[in-house]
Amino acid sequence: METVTRFAPSPTGYIHIGNVRSAIYPYLVARQNNGRFILRIEDTDRERYVEGATELIEDTLKWLGLEWDEGPLVGGEHGPYFQSERLEIYHEWVKKLLESGRAYVDPTPAEKVDEYRKQCQEEKKPFLYRNFRPSELDTEYKEGLPIRFKAEPKEYDWEDAVMGPMHAGPETQDDIILIKKDGYPTYNFAHIVDDALMGVTHVMRGVEYLSSTPNYLALYEAFGLNVPVLVSLPHILAPTGNKKLGKRDGAKSVTEYRDDGVLAEAMLNYLACLGWNDGTEQEIYTKDELVERFSLDRVQNSGARYDETKLLWMNGQWIRRIFDEQGARALYDRTIDFWPEVAASASEEYKLKVLSIIYDRLKTLSDLKEMTAYFFADPAIDMEMLKSNKFLKKLSEAELEDLLKKSIAKLSDVSDWNENTLQDALNELLAETGRKPAELFSLIRIAVSFAPFSPALNLTLDTLGRDTSLARLNEVARSI
Ligand code: GLU
């Protein structure tokens with residue numbers, strides 16, 4: 001049987017880190033089995049609908065490389081893929097339940113339902129609507145009134161691919177609403193119909209749907225449907241405490257990380273491994289490797305903690321990997337939007353050179369802004385920074401000046417300015433002055449960059465070029 005999975009987001013805002021695994025895992029399972037991955041937009045809650053959210057969802061999936069085989073933009077034979085365009089289908093399906101006596105039109109006003117709920121609260125009893133179900137059930141399809149399922153509560157045993165064997169008693173099943181009075185279906189009903197019509201074999205979603213699963217099992221049964229593989233994905237926990245990561249804890253949208261210079265490869269890698277591992281020590285996976293290695297039975301059944309430091313570490317690894325495996329140009333192509341403003345008029349060739357000496361220090365591409373500005377414009381001279389440096393603060397002003405002058409003289413003598421001749425000159429300078437490398441190199445490095453750190457000194461000087469390097473050193477020597 002063909003494996004069919006789906007990601008079924010509600011367009012209520014951006015996709016954040018906490019809920020994107022419900023897209024990644026179904027994608028991996030579909031690809032691994034040469035199956036289909038469907039994107040379905042669950043837009044039946046008109047009050048929570050957010051304009052533009054569908055585009056954000058599409059953008060996020062595209063960026064992560066989770067291409068869908070059926071759904072918005074690409075179409076497919078099981079459409080429409082927006083639930084709001086499938087109302088007739090839900091109405092047809094609910095009619096089947098009305099006919100078989102497993103659904104009823106409920107004339108009870110909402111205020112009355114609230115009263116029942118309050119009554120139960122006061123009596124400290126769980127609120128089950130089925131206990132208040134009208135005595136005469138109206139099974140004639142009507143618009144303008146909610147249609148409810150008629151529960152026939154019982155015990156259920158089932159297997160959740162991540163949570164393991166599950167059991168639920170009759171108290172978990174109720175007369176849930178199938179069609180609301182506005183004519184739109186509830187999630188509870190619509191997803192059962194759609195998953196069935198779209199041939200979905202694996203339903204993967206957040207663990208928050210686990211408690212409703214007995215109601216879903218009752219619906220599958222009432223329709224005579226096969227139950228798909230049910231997969232509950234545990235929450236992703238906020239960095240501290242024991243609550244799930246939510247928008248309120250500052251869970252950023254996935255694409256905000258893109259704008260902050262995180263690579264899609266790193267994001268996918270990090271999120272896939274949040275609460276899953278293949279049993280080895282491997283941490284860096286390409287998308288193809290994830291497709292090959294992923295398995296639902298190694299998804300943790302407890303919450304995984306979101307750790308931004310780890311994400312950024314992984315991003316650094318991916319930046320290096322792209323440079324080392326695909327070349328400077330491939331990485332450069334990803335950096336276009338991340339250079340400091342002062343680099344705007346610099347040549348591509350020069351930026352490539354800067355990137356080649358600095359890439360292995362980047363955690364995100366946006367680090368380029370702060371880390372490379374001095375390659376493009378003279379930095380402001382900050383004598384305080386120079387004199388308070390931990391290696392230089394022991395030196396008197398006279399010593400600093402002397403050392404700078406000797407450095408200028410030595411470097412001025414370098415006729416063929418390149419990384420090797422510069423390294424030789426710096427070594428000679430060390431020998432001649434008797435200074436420690438930390439002292440001498442910190443002085444020159446700070447004088448040409450006034451940055452907290454820079455690449456290896458010979459590479460920095462080589463990239464800056466002879467004229468700029470010497471001019472900056474002279475300027476500092478005058479300022480001491
Ligand atoms: N529309 C639901 C949500 O966004 C999807 C749950 C599911 O995947 O079935 O939470």
Matching residues in the stretch 324-334 - criterion: being surrounded by fewer than 20 Cβ atoms within 10 Å (Cβ to Cβ) and touching a helix residue (DSSP H, G or I) at 6+ places or on another chain (Cβ under 8 Å): Ala328, Arg329, Ala330, Tyr332, Arg334
Close pairs from the stretch 359-374: first closer than 20 Å to Thr468 by Cα, partner open to solvent by 40 Å² or more (accessible area, probe 1.4 Å), Cβ under 6 Å, at least 6 apart: Ala373/Val342
Pick from the stretch 243-257, criterion closer than 15 Å to Gly13 by Cα and aliphatic (A, V, I, L, M), ranking: surrounded by the fewest Cβ atoms within 10 Å (Cβ to Cβ): Ala251
Some residue of the stretch 275-284 being of a type in the set (D, E, K, R), within 16 Å of the ligand (Cβ to nearest atom) and open to solvent by 10 Å² or more (accessible area, probe 1.4 Å): no
Where His16 falls short, out of the listed (1) within 11 Å of the ligand (Cβ to nearest atom); (2) closer than 19 Å to Ala272 by Cβ; (3) surrounded by fewer than 24 Cβ atoms within 10 Å (Cβ to Cβ): (1)
Lone qualifier among Ala451, Ala398 - being within 46 Å of the chain's Cα centre (by Cα) and either modelled with pLDDT of 95 or more or not in a helix (DSSP H, G or I) (or both): Ala451
Helices (runs of 4 or more DSSP H) completely within the stretch 20-133 that count 2 or more residues being open to solvent by 80 Å² or more (accessible area, probe 1.4 Å): 53-64, 87-99, 110-122
Selected residue (criterion: nearest to Ala304 (Cα to Cα)) from residues of the stretch 208-250 that are hydrophobic (A, V, I, L, M, F, W, C) and more than 16 Å from the ligand (Cβ to nearest atom): Leu237
Residues satisfying the stated conditions in the stretch 311-332, i.e. over 23 Å from the mean Cα position of the chain (by Cα) and free of Cβ contacts under 8 Å to residues at least 12 places away in the same chain: Asp324, Glu325, Gln326, Gly327
Odd one out for Ala218, checked against (1) assigned to a helix (DSSP H, G or I); (2) open to solvent by 20 Å² or more (accessible area, probe 1.4 Å): (2)
Every pair of residues 6+ apart whose Cβ atoms lie under 6 Å, when the first sits in the stretch 1-13 and is under 11 Å from Asp69 (Cα atoms) while the second is among the charged types (D, E, K, R): Val4/Arg36; Arg6/Arg40
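The values are calculated or read from the model by the stated rules, or taken from the named source; none is laboratory data. Only a predicted model underlies this, so the values are computations on that prediction, with no experimental measurement involved. As a convention, Cβ positions derive from the backbone with ideal geometry for all residues, glycine included, and neighbour counts pool all protein chains shown. Surface areas here come from the heavy atoms of the whole protein model, side chains and all, with no ligands, DNA or RNA. Shrake-Rupley method; radii C 1.70, N 1.55, O 1.52, S 1.80 Å.
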